[in-house]
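The structure appears below as structure tokens.
Rule-based calculations on the coordinates, nothing more; no lab input. Computed from a prediction, not measured in an experiment: that's the story for all the values here. Please note: Cβ atoms are built from the backbone with ideal geometry, for glycine as well, and neighbour counts cover all protein chains shown.
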Amino acid sequence: MRVLVTGAGGQLGHDLLAAFSDDEVVGLGHGELDVAREPAVVAAVRDHAPDLVVHAAAFTKVDACEEETDTAWRVNALGSWWVARACALAGAPMVYVSTDYVFDGRADRPYTEFDATNPQSVYGRTKEAGEQLVRRTLPAHYIVRTSWVQGATGGNFVKTMLRLGRERGRLSVVDDQTGSPTFTFDLAPAIRRLAVTGRFGTYHLTNSGSCTWFRFARAIFDTAGVEVELHPTDTATFGAPAPRPANSVLDNLMARLTGLEPLPPWDASLKRLIAEVDGS
Ligand SMILES: NC(=O)c1ccc[n+]([C@@H]2O[C@H](COP(=O)([O-])OP(=O)(O)OC[C@H]3O[C@@H](n4cnc5c(N)ncnc54)[C@H](OP(=O)(O)O)[C@@H]3O)[C@@H](O)[C@H]2O)c1
């Protein structure tokens, strides 16, 4: 199978190249393919003639999206449309990686693929628009919603906590947002397993279990053996520019019902990531 990965320089993109290494995989980073440029996207898909496109490129800086709204729409919504249109022209199926931020987070249970979306941030709205454009343009799509993505390549919460914890020794972390940390070395192979089923549709793929950011931070420091005075705070006090869902937990209902292998518990995969990035 010939596979084309967009956003190949990102944290998920990096592990997608590894997950598809037994296939003929081509990864295009931001410098090689700007997904906001339709002619370039059409040419890339036409020239590489893939059997599958995995679209992992996105403007993922959630707070910056609130300011740089045109860029967020151009990359996350229209960029995904260009990829879907190019796939339709080339006859290739597509995986579009989406987010827990398409939900408002007010539910008192994990969200299934059948729950109504209601994004609260620019990032969430543009990613949801990307979903809709992909659905309308290309029936042969897998929309994979995931959450709290952590990988060895690029910036993420685990790496930020380890750096800040060592620099400051004292941190406040929000304790009123709950989600499922998801690790790229688990997610990327799960995307591959899904993408060979031919069962197109929308899927939630996250590591098992859930925690608050505060509990996640506690686990990071305990696992890495870093002494930090950790204090719980709340979203309002923390005051980030973009709203975040209080409940980000995604029920992997479709994966479970269609017999896909569940992703491991998040805390087991945290140990693996810390061993990789921290040598602990
Ligand atoms: N990170 C999370 O917690 C999270 C949660 C849920 C869903 N997701 C989704 O998961 C996917 C992968 O995210 P990630 O965590 O791997 O993010 P990431 O590390 O930020 O990777 C995204 C990549 O896309 C690239 N990119 C940005 N604008 C682009 C453009 N116009 N054309 C081509 N490439 C562009 C970025 O390059 P530059 O760095 O050069 O801009 C970056 O290499 C995304 O679809 C994201 O929305 C992420």
**OP:** Work out the length of the dipole vector of the range 157-280 about its Cα centre, built from +1 on the beta-carbon of each Lys and Arg and -1 on the beta-carbon of each Asp and Glu, and round it to the nearest 20 debye.
**Re:** 340 debye
Subject >> For the range 5-74, Kirkwood radius (reciprocal of mean inverse C-alpha pair distance, Å) >> reply: 12.9 Å
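Which value, in debye to the nearest 20, describes the size of the charge dipole of the chain about its Cα centre when Lys and Arg Cβ atoms bear +1, Asp and Glu Cβ atoms bear -1, and nothing else is charged?
Value, rounded to 20: 300 debye.
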Original post:
Computed on alpha carbon atoms, what radius of gyration and Dmax characterise the chain, expressed in Å?
Top reply: 18.2, 55
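Express the C-alpha Rg of the range 102-190 as a ratio against the empirical globular expectation 2.2 N^0.38 Å, rounded to two decimals. Please list the in-between numbers first.
Details: Rg = 16.1 Å, N = 89, 2.2 N^0.38 = 12.1 Å.
With N residues counted in the range 102-190, Rg over 2.2 N^0.38 Å equals 1.33.
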**OP:** Show me 106-116, 245-255 ranked by packing, highest mean number of other Cβ atoms within 10 Å first.
**Re:** 245-255, 106-116
Original post:
Which value, in debye to the nearest 20, gives the size of the charge dipole of the range 29-89 about its Cα centre, when Lys and Arg are +1 and Asp and Glu are -1 at the Cβ?
Top reply: 260 debye
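Give the value in nm², to one decimal: projected area of the alpha carbon convex hull of the range 130-248, averaged over all directions.
On the way: hull surface 35.0 nm².
Spelled out: convex hull of the Cα atoms, projected over all directions, averaged, 8.8 nm².
What fraction of the DSSP beta bridges in the chain is antiparallel, stated in percent and rounded to the nearest 5? All intermediate terms of the calculation are to be shown ahead of the outcome.
Values: 2 of 34 bridges.
Counting DSSP beta bridges with both partners in the chain, the antiparallel share is about 5 percent.
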**OP:** Answer with one residue from L194, S172, G154: the one whose Cα lies farthest towards the positive end of the charge dipole of the range 109-221, charges on Cβ with Lys, Arg +1 and Asp, Glu -1.
**Re:** G154
Original post:
What number comes out for the charge environment of R215, summing +1 per Lys or Arg and -1 per Asp or Glu over other residues with Cβ under 13 Å away?
Top reply: -3
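Show me the ranking of peptides 189-202, 223-236, 52-65 by mean Cβ neighbours inside 10 Å, starting with the highest.
Numbers: 189-202: 17.1, 223-236: 14.6, 52-65: 23.3.
Put in order of decreasing packing, that is 52-65, 189-202, 223-236.
Taking the Cβ of N247 as the center, what net charge do the other residues with Cβ under 13 Å away carry, scoring Lys and Arg +1 and Asp and Glu -1?
Values: positive: R106, R109, R244; negative: D100, D104, D108, D115, D176, D251.
Taking every other residue near N247 into account, the sum is -3.
Could you rank the peptides 36-45, 259-268 by their average count of other C-beta atoms within 10 Å per residue, with the highest value first?
Most protected by this proxy first, the peptides run 36-45, 259-268.
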Subject >> 5 angstrom amide H check on S98, placed H, neighbours 5+ away >> reply: V144, R145, T146
